[in-house]
Amino acid sequence: MSSIEYYFELYVASFIMWSFLMVFLFNLVKKSAFPKGDTALMAVSLTIFLFYLFSDPLIITVLGFDILHSSVTYLFWFSSNLVCLLIILRLTSGTYLGKLPAKLYIIIGLTVSMLLFLAMHIDINVLMNYEPWWFWTFYSITVNVMDVMMIIALLTNKDFLGLLGCYRWVFETKQSA
């Protein structure tokens, strides 16, 4: 990997983390404008921002750890997303998806990212694949798409891809059958 690719990856990760900060600040301002409103979206935004902050490769590199060249990198990110997801599920346990559509997008985004992190760990550290192949490209694109999807969901709190409608259709069809 060239140094340009290395630094590009670092800055893309930092940009995503910065975007989650902006989403949290946006939701904080929105909450302060309507103090009696629900705090779930703001809490989810803060949780994701903090977890992305503490797993950001640039921040970790500044602290003296070279996480991008470690054998536990993908397991670290997998674990971080798992803990983040569990905390978000706990924070939003009483909130319905209809009231907080962003919750479904966060669950899907973190779960897909976790599965990809685990698959990358297995591919590199168990199967010992060191040459790039189509899955690595799929991983890179999908993880970033999931991050952007979560950012948009936290900004809008809308079902912009129709996932909530699909979720309801699947589970209402199963319950009525």
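Here's a check for you: in the range 25-61, which residue that is of a type in the set (A, V, I, L, M, F, W, C) and within 14 Å of the chain's Cα centre (by Cα) is nearest to V72 (Cα to Cα)?
Checked the range 25-61; the qualifying residue nearest to V72 (Cα to Cα) is F54.
Just give me the residues in the range 139-159 being assigned to a loop (DSSP other than H, G, I, E, B) and surrounded by 15 or more Cβ atoms within 10 Å (Cβ to Cβ), in sequence order. Before the answer, list the steps.
So the first thing to find is which residues in the range 139-159 are assigned to a loop (DSSP other than H, G, I, E, B), and the list is 157-159.
Selection gives N157, D159.
Tell me yes or no: at least one residue of the range 81-101 is under 21 Å from A13 (Cα atoms) and hydroxyl-bearing (S, T, Y).
Checked against the condition, which is being under 21 Å from A13 (Cα atoms) and hydroxyl-bearing (S, T, Y), the range 81-101 yields no hits at all.
What are the residues in the range 79-109 that are among the small types (G, A, S), part of a helix (DSSP H, G or I) and either surrounded by fewer than 16 Cβ atoms within 10 Å (Cβ to Cβ) or free of Cβ contacts under 8 Å to residues at least 24 places away in the same chain (or both), if any?
Passing the criteria: only S79.
Quick one: would you say F135 is part of a helix (DSSP H, G or I), modelled with pLDDT of 95 or more, more than 13 Å from the chain's Cα centre (by Cα) and over 30 Å from K31 (Cα atoms)?
yes
If F76 passes every condition in (1) outside any loop (DSSP other than H, G, I, E, B); (2) without any contact (Cβ under 8 Å) to a residue 12 or more places away in the chain but one, which one does it miss?
Checking F76 against (1) outside any loop (DSSP other than H, G, I, E, B); (2) without any contact (Cβ under 8 Å) to a residue 12 or more places away in the chain, the one that fails is (2).
Filter the range 28-73 for residues that are farther than 30 Å from Y7 by Cα, touching a residue at least 40 places away in the same chain (Cβ under 8 Å) and crowded, with 18+ Cβ neighbours inside 10 Å and give the result.
A40, L41, A43
The values are calculated or read from the model by the stated rules, or taken from the named source; none is laboratory data. What you see is a predicted model; the values in this text were computed from it and never measured. Cβ atoms come from the backbone with ideal geometry, glycine included; neighbour counts cover every protein chain shown.
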